[in-house]
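The values are calculated or read from the model by the stated rules, or taken from the named source; none is laboratory data. No experiment lies behind these values; they were computed from the predicted model shown. What goes into the accessible areas is simple: the full protein's heavy atoms, side chains included, and nothing from ligands, DNA or RNA. Shrake-Rupley method; radii C 1.70, N 1.55, O 1.52, S 1.80 Å.
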Amino acid sequence: MKGDAGKIVRVNLSDGKVSKEEISEEVRKKFLGGRGFAAKILWDEVSSVDPLSDGNKIIFSTGPLTGLPLPSSGKMVIASKSPLTGGYGDGNIGSMAAVHLRRAGYDVLIVEGRSERPCYIAIQDEEVKILDARDLWGRTTFEAQDNLEAKHGRNVGILVIGPAGENMVGFANVISQRGRAAGRPGMGAVMGSKNLKAIVVKGTGKIPVFDEEELREMGKEGYREIKGKENYDFWIRQGTMLVFEWCNENSCLPTNNFREGTFRFSKRLDGYALEKAKVDRKGCPLCNMQCGNIINDAENKNSELDYENVGMLGPNIGMDDLRKVGVLNRMADELGLDTISLGSCLGFLMEASEKGLIDAGIAWGDLDGCKEVIEHTVKKKGLGEIIFEGVRRASERVASGSEDWAMHVKGLEISAYDCHACPGMALSYGTSPIGAHHKDAWVISWEISTDRFSHSKEKVEKVVELQRLRGGLFESMTTCRLPWVEVDFGLHWYPKYLQAVRGQEISQEEIFKLGDRIYALIRSYWIRENRSWSREMDYPPSRWFEEALSQGDLRGYKLDRARYDEMLSMYYEIRGWDENGIPQKETLEGLGLGDVELVLGKND
Ligand code: PTT
Ligand code: SF4
């Protein structure tokens, strides 16, 4: 089978050993690539370990479409056992590192063990070296990127962590190209725990493809189709920020720690405000939609904004000035902190201060206060000591009922969509395979445009369908889903691309089965790694059930717990999981995961 090198490069930082392994044809067929490979490797190799110990592994995983001349294909998955959640964690990054890894002849890089001193991995085709990074330790991601480019040239791919990752902050992520970010559930902390500051990759080879000619032609057609789409120009102007105004109008813009869904100063922050403040744009390799919007922030530096960053560091913390949001966002990029979790943690602290639950307070919208907390989070002191492991742990420290408004699922902070009046999106957060993230099933736009308040089976089926496509197919191919989601690029292209790359037809049924297999495996991983697993772990926080919206057109709305529970039961039934959300024997066997069934069976 063509279409990928079928090769893993494995680097053990404890003994310096580098090895190269084949990925079997069976695994390539069953798991496709990206998230599929990562989930399989974690299931097979990382069990019952502390996520910040030598025993954990971090996986950089590309898919069969990564790096090819196809729309938005410069993406890769970074996965590990998460220090933030204790379960499966991953993120998807657009980076030249993804493209170069494929050109160097590898689909996957696995890093294991722990280096005695700060190091980085440099890969150039066949050659893989572990190099000294003592001079980089303590530096920001931007400084480290500059330094590594000076050493290795600008034509390389670089993934780097900042001081937050080095100090193992629970929501430290991985940064590339001074503004691409991935690995919300603490993938940066895992790198830090291994004393691994960065990965530098350069590949000069060709990515193997079954029908190169056909692929090139279809790729060109794809890029042309995207450019001709009705929404393309607007996308180029606003990128992901085009959703901001829509969220406010529909009462789902997270405001004051998800207390409300509308923000009275939203016009100061929305996509039109962004257009005025914008000085440049950039994005991921091989993409003609370049959606990284760069503004000049309140400290006269560049900051790259996406919707989630502005939602969580804007209305969610009462910040009403886009250029000030830009300052916090840039600090997060420099230090290597996830902006979504950061915005949630800051909102939590502000609410705790307002309620008089913590001594040193911080007020809504206080820029200087936020800057200090961010610096302290990285150093684990002051208010940072409360939040450095995310809101779940913060609420354990603050107590006094604060767990009701610690906005997370399974320990991962909720991204920027309020769900007081969106039961389907709440279910999506509840059942996302990494904790509360919108990436797998952004059902909210479908939900609001159809029957918003229903708890129907159709809605639950929609969540599952999106999880299969976004969480299964896109995360495993591995390409950016935004051409399809945002400008309506034809979904029918992707099976054709896969066929041209691998020489094998893939039906819709197989695509759905792939998604279900990956979901069942990741779910099994959570259960194996969490002895205290329960159905409650698939619930969003109490705030959305207990406290109604008090402002906007939907004031008075909140989620209904009993009806959410009914949706969850329907969801389990569709997936073939039992009433506790545990995949059943027949389900696992039907998905070709009989070996998983045996292990789960022993846990009972
Ligand atoms: C993603 C999460 C998101 S989702 C955003 S904005 W978004 C935040 N961005 C951050 C940032 O920036 N700096 C920072 N320090 N932390 C940040 N944390 C937040 O991280 C990103 C785009 C976006 S922008 C989205 S929706 C889409 N996500 C995709 C995905 O998940 N899979 C896929 N196949 N395609 C996707 N395309 C889009 O990619 P995490 P990126 Mg990111 C400054 O990884 O962990 O899932 O966190 O990768 O290259 O930056 O592209 O409105
Ligand atoms: Fe990257 Fe945006 Fe292009 Fe997706 S659309 S590949 S996130 S630049």
Cα-based Rg and Dmax for the range 239-413, in Å, come out at 15.6, 50
Rounded to two decimals, the Rg over Rh value of the chain from Cα coordinates and the Kirkwood Rh reads 0.94
How long, wide and thick is the range 190-233, going by the Cα atoms along their three principal axes, in whole angstroms, largest first? 46, 32, 15
Return a whole-number percent for the relative contact order of the range 200-262, with Cα pairs under 8 Å and 6 or more residues apart as the contact set. 15 percent
Surface accessible to a 1.4 Å probe, residue 20 within the full protein complex, Å²: 80 Å²
Here the membrane-span-like helices of the chain, with no claim about any membrane, defined by DSSP H, Cα axial extent at least 30 Å and mean Kyte-Doolittle at least -0.5, are 508-529
How would the range 157-199 be classified by its alpha-carbon gyration tensor: rounded, prolate or oblate, with rounded meaning a/c under 1.5 and the a/b versus b/c comparison settling the rest? oblate
Run lengths n ≥ 4 of DSSP H only: what is the helix-derived mean residue ellipticity at 222 nm for the chain, with -39500 (n - 2.57) per run over all residues, to the nearest 500? -12000 deg cm²/dmol
How many angstrom separate the Cα center of the range 50-73 from the Cα center of the range 562-601? 27 Å
What do the square roots of 5 times the Cα gyration tensor eigenvalues come to for the range 374-451, in whole Å, largest first, as semi-axes of the equivalent ellipsoid? 29, 13, 10
Solvent exposure of the range 239-413 as accessible area per residue, Å², 1.4 Å probe: 33 Å²
If contacts are Cα pairs under 8 angstrom and at least 6 residues apart, what is the relative contact order of the chain in percent? 16 percent
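I need the shape label for the range 211-268. Rule: rounded when a/c is under 1.5, else prolate if a/b > b/c, else oblate, with a, b, c from the alpha carbon gyration tensor.
Judged from the Cα gyration tensor, the range 211-268 comes out prolate (a/c at least 1.5, a/b above b/c).
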Out of all DSSP beta bridges in the range 7-202, what portion is antiparallel? Express it as a percent rounded to 5. 75 percent
For residue 492, the accessible surface traced by a 1.4 Å probe with all protein chains present amounts, in square angstrom to the nearest 10, to 100 Å²
Surface accessible to a 1.4 Å probe, residue 265 within the full protein complex, Å²: 50 Å²
In whole Å, how far is the Cα centre of the range 387-408 from that of the range 257-329? 26 Å
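Tell me whether the range 158-246 comes out rounded, prolate or oblate; compute the Cα gyration tensor, take square roots of the eigenvalues as a ≥ b ≥ c, and use a/c under 1.5 as the rounded threshold. Numbers along the way, then the final one.
Working: a/c = 3.62, a/b = 1.41, b/c = 2.57.
Because a/c hits 1.5 or more and a/b fails to exceed b/c, the range 158-246 counts as oblate.
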Mean separation of Cα contacts under 8 Å (at least 6 apart) over the residue count of the range 239-413, i.e. the relative contact order in percent, is 16 percent
Calculated over the range 7-202: convex hull of Cα atoms, volume per residue (Å³): 102 Å³
Which number comes out as Rg/Rh for the range 483-568 once both Rg and the Kirkwood Rh are worked out on C-alpha atoms? 1.16
